Amino acid sequence: MDRFAAELAALAVPAAAAGPRERPGVPRQHILLADRPDGTVVRNGGVVVKAHARDSDHAALSVRIRIAAAGPLDGILLAPLAVTAPEGALTTLLRGRPVSAWPHGQPVDPERPEAAPWEDAARLLARLHRVPAAVLPGPVPPMRGPAKVARALSRMAAAGPHPQAAVVLAAAARLPAWARGEAPAPQSAVLCHGDLHLGQLVRHPAPDGPWLLIDVDDLGLGSPAWDLARPAAWYAGGVLGPEVWERFLAAYRRAGGPAAGPEGADPWPELDVAARALTVQTAALALAKAHAEDRGLDDVEQLMVQSCARIGTLPPDLDRGTAS
Amino acid sequence: MQCPKCHAMMHTYNRSGVQIEQCSGCRGIFLDYGELEALTRMEGQYGQVPPPPAPPAYPAGQAPAWGAPQHHGHGHHGHGHQRGFGRMLFSS
């Protein structure tokens, strides 16, 4: 483990002391869970410490983490631990990167995505979307979904020429400017996760506590359709079977989620823009990663590029004036 | 009239006295009350071809206009699919 990760792991000690179920003591074996520019994550016993992106908006991140700690999010978002000392601050800095600490939770088994808790995810999102923004610590920043579309397109461009990049760009051109992060998003008072996928769910307390959402880096006010848009894009592209999609959608609606219209209605007028945006984001990142790893696209990545090809060639009368 | 599935314009055609709405975008066909029966009756006059199944009140398997074709009956969780499938479902 490199020095940065070791220093990060050391920060788990005061966090562990602060946690209600942890005692201070000799740190156990550190495990590096992720090491990317946008998040280095180390587990040390029952504590997970995360160094966030160097270029993250520190003030906004601090609000996001305080929201995760706030009472109205209890049972929806995993609550952070104090990272500096018992009763201490929720964030600190390590070599210029903001750091937060969290109790360890049991993630979804990546070997068994078919056994993923789709209904739990849907219910948690429905509850999240119904939390009144007025009761939250603030100022609540915007949800970062559209910014991530922009970042994915930049990564694709920076990776160098790819024969299928034009297909992704043509689909991106059919998005409204706000969905590409190029204009302010429509006003919203709905709290959104901003980056839902199956890695964003844990059981806490591990191994069999209730499911909770994690990773608040993109949390904020925005279009709640964004949180349904990744599964929607997977379904529309043929990655996710219709039965799984319908289970997810039905559970969300039954729990009172506001993003997809009432039960029985066609959800796509509500979901279309966000699902296209996530299709573009996923395909752009797939091209960037394939380029960096000097490999071809795998079959599900191909499906997302094929979705882009269909989006880019939609007849204009099916576009509902969404392009800009 | 707008298509309830994809919101493109619907065009009205008259076939043997039966009014049929067809979407200019997704080509979906919508029939009003009693029109299916009228068509079935006429078809019965041609021969022994069984009548088509009744169209659902709403297009089955709602999907966007740009959705993958032949969405149903995919082997989504086939073994060849598994690695990329898992990777995509777990990553930002």
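Here are some notes:
Condition check ((1) outside the structural domain of A:His204 (by TED's automatic domain parsing); (2) under 17 Å from A:His197 (Cα atoms); (3) at pLDDT below 95) across all residues:
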position: A:Ala122; (1), (2), (3): no, yes, no
position: A:Val131; (1), (2), (3): no, no, no
position: A:Met143; (1), (2), (3): no, yes, no
position: A:Lys148; (1), (2), (3): no, yes, no
position: A:His162; (1), (2), (3): no, no, yes
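- Considering (1) touching a His at 6+ places or on another chain (Cβ under 8 Å); (2) more than 9 Å from every other protein chain (Cβ to nearest Cβ), the lone condition that A:Leu240 does not fulfil carries the number (2).
- Restricting the search to strands (runs of 3 or more DSSP E) fully inside chain B and requiring at least 3 residues that are at pLDDT below 80 and within 22 Å of A:Asp266 (Cα to Cα) gives B:29-31.
- When A:Arg230, A:Arg295, A:Arg276 are checked against the criterion of being basic (Lys, Arg), in contact with a helix residue (DSSP H, G or I) (Cβ under 9 Å, 6 or more places away or on another chain) and free of Cβ contacts under 8 Å to residues at least 12 places away in the same chain, A:Arg295 stands alone in meeting it.
- Residue under evaluation A:Leu314, criteria (1) under 18 Å from B:His7 (Cβ atoms); (2) more than 7 Å from every other protein chain (Cβ to nearest Cβ), criterion not met: (2)
- Sole exception among (1) crowded, with 17+ Cβ neighbours inside 10 Å; (2) outside any helix (DSSP H, G or I) for A:Arg295, by number: (1)
- Residues in the stretch A:215-252 that are farther than 30 Å from A:Gly138 by Cα, hydrophobic (A, V, I, L, M, F, W, C) and touching a Gly at 6+ places or on another chain (Cβ under 8 Å): A:Ala236 only.
- Take the conditions (1) under 19 Å from A:Leu228 (Cβ atoms); (2) in a loop (DSSP other than H, G, I, E, B); (3) of a type in the set (Val, Ile, Thr); A:Val149 misses just one of them, which is (2).
- All conditions in (1) part of a helix (DSSP H, G or I); (2) more than 11 Å from chain B (Cβ to nearest Cβ); (3) under 26 Å from A:Ala150 (Cβ atoms) hold for A:Arg276, with the sole exception of (2).
- Meets criteria (over 21 Å from the mean Cα position of the chain (by Cα) and more than 11 Å from every other protein chain (Cβ to nearest Cβ)) for A:Glu293: yes
- Unmet criterion (only one of (1) in a helix (DSSP H, G or I); (2) in contact (Cβ under 8 Å) with a residue 60 or more places away in the chain; (3) not small (Gly, Ala, Ser)) for A:Glu270: (2)
- Residue, farthest from A:Pro186 (Cα to Cα), within the stretch A:216-234, restricted to residues that are touching a His at 6+ places or on another chain (Cβ under 6 Å) and not in a loop (DSSP other than H, G, I, E, B): A:Arg230
- Criterion: at pLDDT below 95, of a type outside the set (A, V, I, L, M) and within 17 Å of A:Pro163 (Cβ to Cβ) - qualifying residue of A:Glu293, A:Glu301: A:Glu293
The values are calculated or read from the model by the stated rules, or taken from the named source; none is laboratory data. Being a predicted model, the structure only gives us computed values, none of them experimental. Heads up, the Cβs are rebuilt from the backbone with ideal geometry, glycines too, and the neighbour counts pull from every protein chain shown.
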